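A.B. asks: Input: one structure, supplied below.
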Amino acid sequence: MKQKDPDLLLLHAPLLHQGMTTPSAMRDVLYALMPVTVAALWFFGLGALLVLGACIAGAVLTEWFFSISEKRGESLLDASAILTGLLLGLTLPPGLPIWMAFLGGVVAIGLGKVIWGGLGHNLFNPALLGRAFLLATFPIPMTTWTSLRGSESFFHVSASNLALPFMQTKVDIVSSASPLGLMKFEQEVTPLTNLMFGNTLGSLGETSGVLLLLGGIYLWIRRDLDWRIPVSILLTVVMFSGGLTLVDAVRFPSPLFSIFSGGLLLGAIYMATDPVTSPLTPRGTWIFGIGVGVLVVLIRVFGGLPEGVMYAILLMNAATPLIDRYTQPRIFGR
Amino acid sequence: MARNEHEAYETFIKGIWRDNPVFVQVLGMCPMLAVTNSAINAVAMGGATLFVLVGSSFLVASFKQWIPKQVRISGFIIIIATFVTVADYTLLALVPKVHKELGAFIPLIVANCMILGRQEAFASRNTVRLAVMDALGTSGGFMVALFSLGAIREILGNGSLFGVDLFGEHFEPWVIMILPPGGFLTLGLILLFFNWVTQQKDKFIEQVAEAERVASDG
């Protein structure tokens, strides 16, 4: 009775529950993100913990605030607010003032989720929406990459983290460009091993490619993630940037560099695959992934910004309802 | 006479609060979003709109029996455009800097649907006194909306109000608030707040009615 890739699967009444619920899926993603989080703490010290904590606090408090007025107490228990906060925190630069990180968490949940009607109703990925808001609001702190902790004590917190609410960071942070910025503006390639193991500047969660991939594999084994989305995004980026490299190897980065630099892995594995904001049908997920991949390379190579993963995913999020409509499976028999 | 007084007052208050052109009727969005990146621009825009609306309401209400029904819209527009031209040159003469910032949005007051709407819906059917009260109320409401949006955006986006620094030199400006998305966001949040208040009020009225019904039954 076992069919291979059935077009239509008919089942009888005693159906088995798969055992997968929203909270369990959310918890799985949190577990998958743990190695990256620990790596971020290791590379950037206590400041990273403060930024992540502020994001999560902002997200959870907002969720809580709106769930009391709507009498939906259970929406806190599914851990989705914690996950949004953590994902947002992982996309932020380590030297960001914690009040901005908190604000980002508030916006991510408030404007990204609650205003649409709560979990499952949002059009855009909440964490990325929070990041887009922060990037548009505080462009300079959001693109100031502090250097790695190096030999400094773990408990050393950069002064910029502790700026008072609404106040500027004092300009004493040692900062330099991220690998993508170096590539774009100075055509300087960061060694691949640094990119893979996290020995580079960048947002908290985008430094270590290998750990992100490990988390992705865990999610794939646990069936919490549609493998088509990350695979199609990464394949598209490899092919597109590979083609560009063949044209001009100095101006355009190599495919491997494109994959391991910036937030591509974080975005492709953890954000583009958000079940709420990605298409439902297999055909739709391929279109979605290819769209994200093409946009990422276009923005990175031809756009004004060094990094384009966030806008690429947000744009394709906006296209998701349309993709869903055009890839709707035919009703059987018609 | 007392009833008249009351009616005029009602008309005035209605425009400011219950039928607020921006927060309730959602009219005049174009100047609302475009020129509210600072409080001074918002107030100048509100002042110009007030002048145009009061002036044209007065004229339309005075001449209503001589404006043929078939061409009334073009008639209203000519009257409005006259006042807009006056406002345009007055601002240019008095405050050239503000005039330059507002740019094309002063001539565009002609196209503000709120103004034409008041002529068509109110001034052309009521007495001069009531029409002027209505114009004052509506443009007062518009001014309140413009000012609240402009103040929020200038305070967050620039750390100042009417150009006066509020937070000292270390303030971190919220760049988005000066840009168009900030206008949309702020306006959306204010509308959200207004709808919430209205909903709460309706709920309260319903509860009181329910309680009274129960009390009269019992």
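A.B. asks: Under 5 Å between amide hydrogens, which residues at least 5 positions from B:PHE171 or on another chain qualify, with H placed 1.01 Å from N in the peptide plane?
C.D. replies: A:GLN168
A.B. asks: Can I ask one more? Rounding to the nearest 20 debye, state how big the charge dipole of the protein assembly as shown is about its Cα centre with +1 on each Lys and Arg Cβ and -1 on each Asp and Glu Cβ.
C.D. replies: Dipole magnitude for the protein assembly as shown comes out near 1140 debye.
A.B. asks: Nothing charged except the Cβ atoms of Lys and Arg (+1) and of Asp and Glu (-1): what's the magnitude of the dipole of the stretch B:2-217 about its Cα centre? Round to the nearest 20 debye.
C.D. replies: Its charge dipole is roughly 800 debye.
A.B. asks: Would you work out the charge dipole size for the stretch A:209-327 about its Cα centre, treating the Cβ of every Lys and Arg as +1 and the Cβ of every Asp and Glu as -1, and quote it to the nearest 20 debye? Before the final figure, lay out each step's value.
C.D. replies: On the way: 7 positive and 6 negative charges, 31 e Å.
Magnitude of the dipole: close to 160 debye.
A.B. asks: Residues of the stretch B:103-130 with backbone nitrogen within less than 18 Å of a virtual label 7 Å along the Cα-to-Cβ line of B:THR90, please, listed as ranges.
C.D. replies: B:103, B:105-112, B:115-116
A.B. asks: Taking amide H positions as placed in the peptide plane 1.01 Å from N, state which residues far from A:THR146 in sequence (5 or more) or on other chains have amide H under 5 Å from it.
C.D. replies: A:GLY95
A.B. asks: Could you tell me the extents of chain B's C-alpha atoms along the three principal axes, largest first, rounded to whole Å?
C.D. replies: Per principal axis, max minus min of the Cα coordinates gives 65, 54, 30 Å.
A.B. asks: Normalised by the empirical 2.2 N^0.38 Å for globular proteins, what value does the Cα Rg of the stretch A:20-144 take?
C.D. replies: 1.01
A.B. asks: Using amide H atoms built in the peptide plane, which far-off residues or other-chain residues are under 5 Å from B:LEU161 H to H?
C.D. replies: Sorted by chain and number, the residues that satisfy this are B:LEU166.
A.B. asks: Write down the Å³ per residue value for the convex hull defined by the alpha carbon atoms of the stretch A:271-334.
C.D. replies: For the stretch A:271-334, the hull spanned by Cα atoms encloses 74 Å³ per residue.
A.B. asks: Something else about it: Out of B:GLN65, B:ASN195, B:VAL132, whose Cα points farthest toward the positive end of the dipole of chain B (charges: +1 Lys, Arg; -1 Asp, Glu; placed on Cβ)?
C.D. replies: B:GLN65
A.B. asks: With the contact rule set at Cα under 8 Å and sequence spacing of 6 or more, what percent relative contact order holds for chain B?
C.D. replies: Relative contact order, chain B: 33 percent.
A.B. asks: Let me ask you something else. Could you tell me the calculated FRET efficiency between A:ILE217 and A:LEU162, based on Cβ-Cβ distance and R0 = 35 angstrom, to the nearest 0.05?
C.D. replies: Approximately 0.40, to the nearest 0.05.
A.B. asks: While we're looking at this one, here's another question. Charges on Cβ only, +1 for Lys and Arg, -1 for Asp and Glu, centred on the Cα centroid of the stretch B:2-217; of B:THR82, B:VAL164, B:VAL214, which one is farthest towards the dipole's positive end?
C.D. replies: Going by the Cα projections, it comes out as B:THR82.
A.B. asks: What is the distance, in nm, between label points placed 7 Å from the Cα along the Cα-to-Cβ direction at B:GLU212 and at B:LYS100?
C.D. replies: Computed distance between label sites B:GLU212 and B:LYS100 equals 5.9 nm.
A.B. asks: I would also like to ask the following. Run the helix sum for the protein assembly as shown: -39,500 (n - 2.57) per DSSP H stretch of 4+ residues, divided by residue count, reported at 222 nm to the nearest 500 deg cm²/dmol. Don't skip to the end; give the middle numbers.
C.D. replies: Working: 21 runs with 325 residues, N = 552.
Taking each H run of at least 4 residues, the total per residue is -19500 deg cm²/dmol.
A.B. asks: Return, ordered by residue number, the residues of the stretch A:259-300 whose backbone nitrogen is under 11 Å from a label point located 7 Å along Cα→Cβ of A:LEU315.
C.D. replies: Within reach of a label on A:LEU315, which here means backbone N under 11 Å from a point 7 Å along Cα→Cβ, the stretch A:259-300 contributes A:291-300.
A.B. asks: Quick one: what does P(r) look like for the stretch B:20-102 with 5 Å bins over all Cα pairs, in whole %?
C.D. replies: Answer for the stretch B:20-102: a P(r) of 3, 13, 20, 21, 19, 14, 7, 3, 0 percent.
A.B. asks: Continuing with this model, one more query. Just the projected area, averaged over all directions, of the convex hull on the alpha carbon atoms of the protein assembly as shown: how many nm²?
C.D. replies: For the Cα atoms of the protein assembly as shown, the hull's average projected area reads 38.5 nm².
A.B. asks: Inside 10 Å of the C-beta atoms of A:125-137, what's the mean count of C-beta atoms belonging to other chains?
C.D. replies: If you average over the peptide's residues, the count of other-chain Cβ atoms is 2.
A.B. asks: Take the solvent-accessible surface of the protein heavy atoms, probe 1.4 Å, and return the percent of it on the stretch B:18-103 that carbon and sulfur atoms account for. Please report the intermediate quantities before stating the final value.
C.D. replies: Details: 3010 of 4250 Å².
That share works out to 71 percent.
A.B. asks: Could I ask something else about it? From the alpha carbon gyration tensor of the stretch A:209-327, can you work out the equivalent ellipsoid semi-axes (sqrt of 5 times each eigenvalue) and give them in Å, largest to smallest?
C.D. replies: Semi-axis lengths for the stretch A:209-327 are 23, 17, 12 Å.
A.B. asks: Computed FRET efficiency, Cβ-Cβ of A:TYR326 and A:ARG27, R0 30 Å: what is it to the nearest 0.05?
C.D. replies: E(calc), rounded to 0.05, equals 0.35.
A.B. asks: Oh, and also: Could you list, bin by bin from short to long, the percent of Cα-Cα pairs of the stretch B:107-218 in 10 Å steps?
C.D. replies: Here the calculated profile for the stretch B:107-218 is 12, 23, 26, 23, 12, 4, 0.
A.B. asks: Tell me, what is the 1.4 Å probe accessible area of A:VAL309, in Å² to the nearest 10?
C.D. replies: Here the accessible area works out near 10 Å².
A.B. asks: Sticking with this structure for a sec: Show me, bin by bin at 5 Å from 0, the whole-percent P(r) of the stretch B:41-88 based on Cα pairs.
C.D. replies: The calculated distribution, bin by bin, is 5, 23, 28, 20, 13, 8, 3, 1.
The values are calculated or read from the model by the stated rules, or taken from the named source; none is laboratory data. Keep in mind it's a predicted model, so treat the numbers as computed, not measured. As a convention, Cβ positions derive from the backbone with ideal geometry for all residues, glycine included, and neighbour counts pool all protein chains shown. These accessible areas exclude ligands, DNA and RNA; they are computed on the full protein's heavy atoms, side chains included. Shrake-Rupley method; radii C 1.70, N 1.55, O 1.52, S 1.80 Å.
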